[in-house]
Structure formats: C-alpha cells, structure tokens
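Notes for the one structure printed next.
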Amino acid sequence: MQPDPFSKRVRIFGVGTAGVNLVDRLMDASLAGAAFAAVNSNAPSLESSRATDKVLLESRALRGLGTGGDPERGRALAEERAEQFQRLCSGTDAVFIVCGLGGGTGTGAGPLLARLAREAGALALGFAVLPFDCEGSRRRRLAFEGLEEFKAAADGVITLPNQKVLRLTQEDTSVLETFKLSNDLLADGLRGIWRLLLRPGLIPLNFPEVCEVLRANRGESVFAAGEASGENRVEALWERIADHPLLDGGGALETSAAVLVSLVGGPELAMTEVNRFMEQVNARAGGAQVLMGAAIDPEYAGRLGATIIAAQAAPAHPHAPPVRRPNPQSAPESLEGQLLPRSTPARPESRFIPPAPSLSQEAMREMLDRQSPLPGRARKAAQRLRQGTLPLEIVSKGRFDKSEPTIHKGEDLDVPTYIRRGVALN
C-alpha cells in the first residue's frame with residue numbers, strides 16, 4: 001500500500017512584504033497539501049495576498065505606518081500575536097518561514113515565529129533572502145543580526161543572498177526581472193526540500209531522519225537547483241549544480257556538515273542515472289553526511305531535476321571564512337593541554353629593595369629614647385612596640401642599580417619614612 005504523499009501537515013508562512021510576495025509565488029508551485037499564511041504589518045499587502053490565513057501586525061502606536069524598518073518593533077508586534085501563531089502551528093509537522101531580512105517585520109517576527117513553531121513540536125525551517133549590497137550598510141547589518149537570531153531559533157535556515165543572484169543576470173537585466181529571478185530561485189529551493197521531506201518516490205527518505213539531520217546541524221544552509229535533458233543529462237545537470245553561484249562554485253559542498261539531495265525525473269528515470277549523479281556529490285562533499293531522495297513525476301518526462309541543500313558548519317558571523325572540517329590525521333589536544341597555560345610567566349621582581357640597616361639595635365634604641373617625648377612608663381611601653389628591621393638579603397635593583405640615592409639634609413629619601421623616623425607600624 002502506497003503511503004499518503006501528503007500525510008505530513010505543512011504550513012508555509014510568508015512574513016513581511018517580501019515573504020508575502022514569495023508565498024503568493026509558492027501557491028503556484030504545485031505544493032499540494034500545504035497551507036499558506038501571510039504575516040505583515042502592511043494592511044494593503046495582506047489584502048492582495050491569496051493566502052488562506054492572514055495575520056496583521058498592527059497597533060494604534062504605529063498608526064498604519066508599519067515597523068519603520070525596526071526589527072525590535074516587528075518582534076514586539078509579533079509577540080502580541082503569539083497565541084494566534086501558536087494556534088496556526090499547532091498540529092503541524094513542519095513549518096516553513098519565508099521572509100526577507102534587513103527590514104522590520106521579517107527580521108523581527110521571523111525568528112519569533114520559528115521559536116513558537118519548534119515549541120509546538122514542528123520542524124521549523126527558515127527561508128531567508130539577504131539584501132543586495134546596494135541597499136546600504138544598515139540594512140545589511142540588520143539582516144546579518146537577524147540571521148543569527150533566526151539560526152538560533154529555527155531547526156535550519158536556508159539563505160538566498162541577493163548579491164549572488166546578480167551573477168545569474170545580464171548587464172541589461174531589469175530590476176523587476178532580477179527580483180523575479182530571486183523569487184523563482186527561492187521557490188525552487190523550497191519545492192525541493194518539500195519534495196524531499198514529504199513526497200514518496202523511487203528512493204524515499206524517512207521524515208524523522210531528515211528532521212534529525214537538520215536539527216543536529218542547526219545553522220545557515222545554502223542551496224542550488226537545476227534541470228537538464230537529453231542524452232547526457234546527468235553530466236549536464238551536475239555541471240550546472242557544481243558551478244552554481246549560490247554554492248560558491250561547489251565550494252559550499254566541501255565545507256558542509258550535511259548535504260540533502262532531492263532528485264526528480266520522469267517515468268524513464270534509471271537507477272544508473274541516480275547512481276552517477278550521487279557519485280559526483282559524494283566525491284565533492286567529502287566526509288559530510290549525505291541524504292538523498294529520488295521521486296518520479298510525470299511532468300518531468302524527458303527531464304532530470306535536482307535540488308541540493310548544503311547545511312554549513314556555519315561560522316559565528318556570515319562574513320567569517322567557512323569552517324573547515326578537522327584533519328583526522330592530526331591528533332586532538334589533550335584536556336590537560338587545553339586547560340593549562342602554554343607557559344608560566346616569571347614572577348616580576350619587586351620594584352622596591354629595602355636598604356641595609358646602618359645602625360645596630362642598641363644604637364637605634366638609644367636614638368629613639370632621646371627623640372621620644374613620652375616620659376617614664378609610657379616610654380618603656382612604647383619601646384616594646386618599636387618597629388624592627390629584618391636582616392633581609394640585599395638583591396639587585398635592576399635598571400635602578402646605578403641610580404644615585406636622593407639625599408636631602410643628610411637623609412636618604414629613598415628609604416621609607418617609617419624606617420628613617422622609627423615609626424611603629426601597629
């Protein structure tokens with residue numbers, strides 16, 4: 001008996017203006033069985049959306065002006081709708097959160113929604129679009145900060161840097177065509193992971209296994225999708241995937257901790273084709289954990305499609321260099337070596353070296369008796385409390401060894417006052 005291809009309940013949220021536009025695009029992407037929700041602080045954007053569920057993030061304080069590009073305000077508005085989000089996430093197996101980062105609504109509400117989805121027991125995946133460089137340093141900074149929060153809250157975040165999309169455009173490509181290309185790329189990536197998670201095929205993947213891999217490698221992920229046809233379609237498809245700018249020309253596969261591969265073809269798809277393609281992936285991905293699923297779709301007759309999602313061993317900051325897997329030949333440092341300091345610094349020498357006593361104990365006592373104003377018994381009691389001088393060994397003064405003493409009226413001022421005047425320190 002064939003399993004129900006849509007037995008898993010999936011809800012796709014479009015958050016912010018960019019997310020709402022992407023959701024409308026995804027509703028035409030043949031994601032049968034998925035429920036769609038639109039979340040925004042812009043009322044006209046929600047009114048024109050075709051999503052079944054709509055959540056307006058608004059308050060009297062905003063007076064219809066939106067978040068003003070402030071993620072803190074977007075997060076605060078989303079927290080006011082937390083109960084509504086919890087109801088929408090309740091009973092779902094997977095929640096996809098699609099948004100653009102760098103503004104107020106998507107950057108602020110996206111991570112909160114991911115956390116609420118995980119608390120509801122669903123697999124929470126973020127699909128985030130990063131801004132172009134020309135959109136300014138402030139927007140890029142907010143996007144990177146929001147991405148770090150997103151990665152901490154979700155089971156995984158798949159990113160699409162718009163700056164990399166420019167590598168797929170021509171010199172005369174219009175702004176509208178560029179944004180459409182960005183939306184299509186993200187839709188292809190989401191469709192690929194949807195097929196990987198939910199659609200049974202020639203080689204099915206276990207849903208809990210995929211969830212475990214994504215949760216074990218929580219962090220930023222990159223993706224690429226492509227199609228090919230003809231006699232050498234396997235080789236042609238691999239060349240397109242390996243040279244894809246979103247995978248940094250295949251470099252992202254080398255630094256990945258896990259790779260998810262979704263293959264789809266028509267009824268004529270052969271097992272040898274699947275095997276040849278996966279040989280290329282395994283050779284490039286090195287020691288990464290690789291999961292693969294292959295599906296048969298009559299609409300792909302004569303074609304072969306692939307979506308690859310590379311879960312990176314992500315650095316702390318998006319601009320930091322990729323983390324390379326450790327060399328197994330190098331022995332790890334012992335715990336003792338990690339805890340103990342490399343070298344113990346020498347204890348610095350004392351800066352003050354007390355001089356040698358110039359008077360004997362008897363002579364010092366007689367001098368103090370002559371100087372003391374205390375009469376009789378009080379003077380004898382004070383004598384018992386006189387400060388003594390320890391016979392310490394004289395050591396070098398270091399760089400002050402050749403310095404002349406400071407003499408004033410016959411007294412060496414380099415000698416502490418309490419010694420020169422015989423003051424008791426008690």
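The values are calculated or read from the model by the stated rules, or taken from the named source; none is laboratory data. Computed from a prediction, not measured in an experiment: that's the story for all the values here. Here the Cβ positions follow ideal geometry from the backbone for every residue, glycine too, while neighbour counts run over all protein chains shown. Remember, those area values only see protein heavy atoms, side chains included, never the ligands or the DNA or RNA. Shrake-Rupley method; radii C 1.70, N 1.55, O 1.52, S 1.80 Å.
A compact table of results
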item: Residue in the range 112-120 that is surrounded by fewer than 17 Cβ atoms within 10 Å (Cβ to Cβ), among the charged types (D, E, K, R), farther than 13 Å from Val55 by Cβ and at pLDDT below 90 present; result: no
item: Identity of the residue in the range 1-46, out of contact with any strand residue (DSSP E or B) (no Cβ under 7 Å at 6 or more places or on another chain) and of a type in the set (A, V, I, L, M, F, W, C), that ends up modelled with the highest pLDDT; result: Leu31
item: Residue under evaluation Glu83, criteria (1) open to solvent by 10 Å² or more (accessible area, probe 1.4 Å); (2) part of a helix (DSSP H, G or I); (3) under 22 Å from Cys211 (Cα atoms), criterion not met; result: (3)
item: Positions within the range 5-23 being open to solvent by 30 Å² or more (accessible area, probe 1.4 Å) and either more than 30 Å from the chain's Cα centre (by Cα) or not basic (Lys, Arg) (or both), in sequence order; result: Pro5, Phe6, Ser7, Thr17, Ala18, Asn21
item: So Phe127, is it at pLDDT 85 or above, closer than 30 Å to Leu197 by Cα, open to solvent by less than 10 Å² (accessible area, probe 1.4 Å) and in contact with a Leu (Cβ under 7 Å, 6 or more places away or on another chain); result: yes
item: Residue match in the range 54-75 (condition: on the phi < 0 side of the Ramachandran plot, open to solvent by 10 Å² or more (accessible area, probe 1.4 Å), free of Cβ contacts under 8 Å to residues at least 12 places away in the same chain and in a helix (DSSP H, G or I)); result: no
item: Filter pass, Leu160 being modelled with pLDDT of 85 or more and either in contact with a strand residue (DSSP E or B) (Cβ under 8 Å, 6 or more places away or on another chain) or not aliphatic (A, V, I, L, M) (or both); result: yes
item: Condition met for Gly121 (without any contact (Cβ under 8 Å) to a residue 40 or more places away in the chain, in a loop (DSSP other than H, G, I, E, B) and out of contact with any helix residue (DSSP H, G or I) (no Cβ under 7 Å at 6 or more places or on another chain)); result: yes
item: For Ala29: the one exception among (1) touching a residue at least 40 places away in the same chain (Cβ under 8 Å); (2) in contact with a Ser or Thr (Cβ under 9 Å, 6 or more places away or on another chain); (3) surrounded by fewer than 20 Cβ atoms within 10 Å (Cβ to Cβ); result: (2)
item: Some residue of the range 131-146 being aromatic (Phe, Trp, Tyr), within 22 Å of Gln312 (Cβ to Cβ) and outside any helix (DSSP H, G or I); result: yes
item: Residue match in the range 182-191 (condition: of a type in the set (A, V, I, L, M, F, W, C) and either surrounded by fewer than 16 Cβ atoms within 10 Å (Cβ to Cβ) or modelled with pLDDT under 75 (or both)); result: no
